[in-house]
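Here is the structure we will look at.
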Amino acid sequence: MLQATAAGMALSLIPWRFAQATPEAMAQAVRETFGVRPIREGRVLLELPKLAENGNVVPVTVSVDSPTTESDHVVAIHLFSERNPLPNIVAVFLGPHNGRARVATRIRLAETQKVLAVARMNDDSLWSASVEVVTTITGCG
Amino acid sequence: MAAKIKVPERAKRGEIIEIRSLAIHIMETGFRHDNVGRIVPRHIVDTFTCEYLGKTVFAATLHPAVAANPYFVFHLRAERSGEIRFTWRDDKGGVITERAHLEVTDP
């Protein structure tokens with residue numbers, strides 16, 4: 001384990017040379033996830049640092065304005081990247097039993113880009129927020 | 001393979017508690033080269049689930065853009081005393097599990 005970690009740290013110094021996702025690839029991933037239904041801006045608060053000094057570990061918190069009851073709750077929150085090697089970052093699945101629609105995690109960002117969060121409600125409506133993050137040290141997203 | 005979780009020991013019924021979870025995992029993206037130019041194969045946790053009273057209460061689908069040692073903070077409404085189980089599965093068949101007991105008292 002220790003060896004694996006040391007190897008991982010050494011490797012992380014080597015920059016990658018891979019094709020990146022594009023805003024079009026992100027739009028495609030969003031369509032594949034949700035179909036062509038409208039996605040409205042609002043109800044979602046996406047908290048990311050404006051400047052990510054280390055793209056390998058970028059803290060992110062997503063909160064959705066939702067009463068989180070049986071009749072009105074968040075079903076899923078998806079995060080998308082427009083400049084990582086892959087447009088999908090993570091998807092989390094929630095329900096009324098969570099009491100609060102708020103999730104924090106840590107992500108990788110390959111370079112300066114827009115991150116998009118889309119929340120799907122139990123009535124199937126889609127709500128979103130996006131944030132531009134300046135990344136100084138690339139993360140192998 | 002190991003994990004760390006932070007769950008309150010007790011809560012009042014109806015109280016919303018915060019759960020913190022972290023699995024020790026390299027989350028190798030599959031996009032990096034080693035020092036002789038070979039691609040380092042992908043090795044990531046791709047699913048995480050949390051069950052409370054036998055029901056899935058939080059789940060995640062992870063892609064390589066989740067940072068090493070995947071960390072999730074989420075919430076849960078305390079219903080009654082019982083076990084909270086955490087399961088991380090990776091794309092090479094690896095499984096990490098962790099559990100906690102939540103004692104729920106009358107409000």
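Tabulated values for the structure
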quantity: Those GluC sites (Glu not before Pro) in the range A:46-93 that DSSP places in a loop and that have at most 11 other beta carbons within 10 Å; calculated: A:70
quantity: For the pair A and B, total buried accessible area rounded to nearest 100 Å², probe 1.4 Å; calculated: 3100
quantity: Label-zone membership for the range A:23-66, site residue A:123, 7 angstrom Cα→C-beta point, backbone N under 20 Å; calculated: A:34-45, A:63-66
quantity: Point-to-point label distance, residue A:34-residue B:38, nm (Cα→Cβ direction, 7 Å offset); calculated: 4.2
quantity: Residue B:36 accessible area, 1.4 Å probe, all protein chains in place, Å² to nearest 10; calculated: 100
quantity: Accessible area (Å², per residue) of the range B:2-105, counting only protein heavy atoms and a probe of 1.4 Å; calculated: 46
quantity: Local net charge near residue A:120, Cβ-Cβ under 15 Å (Lys/Arg +1, Asp/Glu -1); calculated: -2
quantity: Accessible heavy-atom area order of B:19, B:5, highest first, probe of 1.4 Å; calculated: B:5, B:19
quantity: For residue B:47, distant residues with modelled amide H under 5 Å away; calculated: B:62, B:89
quantity: Distance histogram in 5 Å bins (all Cα pairs of the range A:37-135, percent per bin); calculated: 3, 14, 26, 24, 16, 10, 6, 2, 0
quantity: Gap separating the Cα centres of the range B:16-76 and the range A:40-96, nearest whole Å; calculated: 15
quantity: Eligible aspartates and glutamates near residue B:92 by straight Cα distance, threshold 15 Å, same-chain separation 8 or greater; calculated: B:28, B:46
quantity: Whole-number D in µm²/s for the range B:2-105 (Stokes-Einstein; Kirkwood sum over Cα pairs; 10 °C, 1.306 mPa s); calculated: 108
quantity: The protein assembly as shown, accessible surface, carbon-and-sulfur percent (1.4 angstrom probe); calculated: 52
quantity: For the range B:59-94, residues shielded by at least 30 square angstrom of accessible area compared with the chain on its own, probe 1.4 Å; calculated: B:59, B:61, B:63, B:65, B:66, B:67, B:71, B:72, B:73, B:75, B:77
quantity: Residue B:81 accessible area, assembled protein chains, probe 1.4 Å, Å²; calculated: 40
quantity: For residue A:79, solvent-accessible area (1.4 Å; no DNA, RNA or ligand), Å²; calculated: 10
quantity: From phi via Karplus (6.51, -1.76, 1.60), per-residue ³J(HN,Hα) for the range B:49-62 in Hz, x at Gly/Pro; calculated: 9, 10, 10, 10, 6, x, 10, 5, 10, 7, 9, 9, 10, 9
quantity: Partner lysines for residue A:114 [C-alpha distance under 21 Å; skip if fewer than 8 residues away on the same chain]; calculated: A:50
quantity: ³J(HN,Hα) computed for each position of the range B:79-94 - Karplus, 6.51 cos²θ - 1.76 cosθ + 1.60, integer Hz, glycine/proline x; calculated: 10, 8, 4, x, 8, 10, 10, 10, 9, 10, 10, 10, 7, 10, x, x
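The values are calculated or read from the model by the stated rules, or taken from the named source; none is laboratory data. None of these values were measured; they are calculated from a predicted model. Neighbour counts are summed over all protein chains in view; Cβ atoms, including those assigned to glycine, are modelled from backbone coordinates with ideal geometry. The protein model used for the area step is the full one, side chains on, heavy atoms only, and it has no ligands, DNA or RNA in it. Shrake-Rupley method; radii C 1.70, N 1.55, O 1.52, S 1.80 Å.
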